[in-house]
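Structure first, commentary second.
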Amino acid sequence: MQSFASCFTVVILLVCAGCTVGPHIATATDLVAHLKEGGIQVDSQEPAPVPTGDYFRFDEGVTVKGPDLWVDILRIEDKKVFNLAKDAKGILILAASAAGRQLPDSPEVYTRYPFVVVTRQEPTDSQLQPLLRELLPPLNE
């Protein structure tokens, strides 16, 4: 019986070794800290402008800037609002315009509940997108 338990434990460990789990990131500020640790140069960090109106809202927003870098990180706990933001870049453009800002023609948008990361500008050799996938691995939905 003990050898069965040992075998079972080894199988579980091997299965879990293949699991992709990023670090625990609870806030947009946590995500910024992990991006910095991952080598992304951040020169400034400030609260993201809150859009006016009732169409789009978020629980926390941070704008980070660095050399050729401009990223908005939004934490949206309301799943309905998150799904709207995730499924429609248009709502992000609407939110930016409501806040008096413009997005480039095709911003890079990375989503993983509860985060929406809008990359307005990034350096050519940036590791931002791969690092986001590592820190906030896509869910198997």
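Derivation of every value follows stated rules applied to the coordinates shown; laboratory data play no part. Please read all numbers here as calculations on a predicted model, not as lab measurements. Quick reminder, even Gly has a Cβ in these numbers, built from the backbone with ideal geometry, and neighbours come from all protein chains shown.
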Fill in: Estimated distance in nm for a label pair at Asp78 and Leu139, the labels positioned 7 Å out from Cα along Cα-to-Cβ
1.8
Discussion item. Checking the cross-link filter: which aspartates and glutamates have an alpha carbon closer than 20 Å to that of Lys86, excluding same-chain neighbours under 8 positions apart?
Written reply: Asp54, Asp59, Glu60, Asp72, Glu77, Asp78, Asp105, Glu108, Glu134, Glu141
Practice prompt. At 7 Å along the Cα-to-beta-carbon direction for both Lys65 and Asp125, put a label point, then send me their distance in nm to one decimal.
Written response: 2.4
